[in-house]
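Report on the following structure.
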Amino acid sequence: MIDTSRSLADSSGASDSSEDARYYHADPSWFEENNLSFDDVVRARMCDTCRAKVGQEVEERAPVFDKATGRMRFEVRHTTYGSDPLKCIREHCGRAKNYIHRDMPTLEAIFRIFLANANTPMTLEQVREQLAEWCPGGGCQWLLLPQDMVERLVQNDRHYGLRQTTAPVPHT
């Protein structure tokens, strides 16, 4: 068995300081520049259950700030299921059993990690930690790769729009 924790530990200094850490995400503008629809590509990664519901009218609760009371309240809105495919993946598909599986290509698995996290910028160390959760017991091809090779794969990606970006803004 290969020790996958070694590469996480080797780079722990970089993840402690957001100034040094490199953050990545799937850049929606890359898809536009390549005559692709980011939403269509994301929708193609939805699970069968969610794809079957695409286009159905649904009610959603949405938080709304009430200026009069200074509090948040919820408002019911009618929307079309799948109109926000990232939300569907974050709330349902990204939690489904085989959303990411051991035989999946490395960049596909990484791309799906970003989708399951609503495309929030993450370090590759954070991505790797989440990939490890999808591979109990280790042995998945994407965990066997050294961290520097994973970084080269992401930096040379020509299919998923994976790009370096700024650190996410913390919620206050």
| said: Students often get this wrong, so try it: which of [x] 115; [y] 130; [z] 148 is volume of the Cα convex hull per residue in Å³ as calculated from the structure shown? | reply: [z]
| query | Between ASP40 and PHE65, what length in nm is gained on full extension when 0.36 nm per residue of separation is reduced by their alpha carbon distance? | reply | 5.9 nm
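Given contacts defined as C-alpha pairs under 8 Å and at least six residues apart, what's the relative contact order of the stretch 98-172, whole-number percent?
Rounded, it is 37 percent for the stretch 98-172.
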| query | Where nothing but the Cβ of Lys and Arg (+1) and of Asp and Glu (-1) is charged, how large is the charge dipole of the chain around its Cα centre, in debye to the nearest 20? | reply | 520
| query | Residues of the stretch 25-42 with amide nitrogen under 17 Å from the 7 Å Cα-to-Cβ point of ARG158? | reply | 30-31, 33-36
| said: Computing the accessible area with a 1.4 Å probe over protein heavy atoms, can you report the carbon and sulfur percentage for the chain? | reply: 48
| query | Among 121-133, 86-98, what's the highest-first ranking by average C-beta atoms within 10 angstrom per residue? | reply | 121-133, 86-98
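Leaving out ligands and nucleic acids, and using a 1.4 Å probe, what accessible area per residue does the chain come to in Å²?
61
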| field | Dipole of the stretch 18-172, positive end: most advanced residue of PRO136, GLN56, THR106 [Cβ charges, Cα centre] | value | GLN56
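Grab the Cα-Cα distance for VAL169 and MET72, subtract it from 0.36 nm times how many residues apart they are, and report the gain in nm with one decimal.
Roughly 32.8 nm would be gained on extension.
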| In terms of Cα to Cα distance under 19 Å, which lysines are near enough to LYS97, apart from those fewer than 8 places away along the same chain? | LYS53, LYS87
| field | Phi-based couplings in Hz for the stretch 21-36 (Karplus 6.51, -1.76, 1.60; Gly and Pro marked x) | value | 5, 9, 9, 10, 7, 8, 7, x, 5, 4, 5, 4, 4, 9, 6, 10
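Could you work out the helix-only [θ] at 222 nm for the chain, with each DSSP H run of four or more residues adding -39,500 (n - 2.57) and the total divided by the number of residues, to the nearest 500 deg cm²/dmol?
-10000 deg cm²/dmol
The values are calculated or read from the model by the stated rules, or taken from the named source; none is laboratory data. Since this is a predicted model, take the numbers as computed values, not measurements. For neighbour counting, all protein chains shown are included, and Cβ atoms are generated from backbone atoms with ideal geometry for every residue, glycine included. To get the accessible areas, we keep the full protein, side chains included, count just its heavy atoms, and leave off ligands, DNA and RNA. Shrake-Rupley method; radii C 1.70, N 1.55, O 1.52, S 1.80 Å.
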